[in-house]
Amino acid sequence: MHPIIKTVLLLVASNIFMTFAWYAHLRDLRSKPLVIAILVSWGIAFFEYVLQVPANRTGYGVLTLPQLKIIQEVITLAVFVPFSFYYMKNHLSWNYLYAGLCLLGAVYFIFKTE
């Protein structure tokens, strides 16, 4: 598998875990003590790092560090929007589209050769 494809797939999976670690407790553990939410989030975040570290190691060298970071941000938004809408029951707004367009601009400029 091409290193960029492997990197993106690992980052997508990592971001799914990351998003749940960061935000799912807001819905599912609101009535639990904070320490429980922290421990559950840490447990989920472990799997994020199990995927994220190899993703960055695979991608680094094939991609520059800034390219890796921008790809990560695009994936973060691509994972967060469905999570926010379907899991957290938030309403979509035009701001999601505007943020996505800004990220597309970032992708363009970070991959543009000088």
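Throughout, read-outs are computed from the coordinates displayed, never taken from laboratory work. Everything numeric here is computed off the predicted structure, so don't read it as measured data. We place every Cβ from the backbone using ideal geometry, glycine too, and count neighbours over all the protein chains shown.
Mean residue ellipticity, 222 nm, helices only, the chain: the sum of -39500 (n - 2.57) across DSSP H runs of n ≥ 4, divided by residue count and rounded to 500, is -24500 deg cm²/dmol. With the simple spin-label model, which puts each label point 7 Å out from Cα in the Cβ direction, the Tyr49 to Tyr87 separation comes to 1.9 nm.
Projecting label points 7 angstrom from Cα along Cα→Cβ for Leu39 and Tyr98 puts them 4.3 nm apart. Lysine pairs in the chain with alpha-carbon atoms under 30 Å apart, 8 or more places apart or on different chains: how many are there? Qualifying lysine pairs in the chain: 5.
Suppose each label sits 7 Å from its Cα in the direction of the beta carbon; what would the Ile110-Asp28 distance come out to in nanometres? Modelled inter-label distance: 2.9 nm. The convex hull drawn around the Cα atoms of the chain, when projected onto a plane and averaged over every direction, covers 8.1 nm².
With a 10 Å Cβ neighbour count serving as the proxy for reagent exposure, in which order, fewest first, do Thr64, Thr113, Thr58 appear? Show your work: numbers first, answer last.
Numbers: Thr64 13, Thr113 3, Thr58 22.
Placing the least packed residue first, the sequence is Thr113, Thr64, Thr58.
As a proxy for reagent exposure, Glu114, Glu73 were ordered by neighbouring Cβ count within 10 angstrom, fewest first; the result is Glu114, Glu73.
Sorting Ile70, Ile4 on the 10 Å Cβ count, fewest up front, what's the list? Before the final figure, lay out each step's value.
On the way: Ile70 19, Ile4 14.
Least crowded to most crowded, the residues run Ile4, Ile70.
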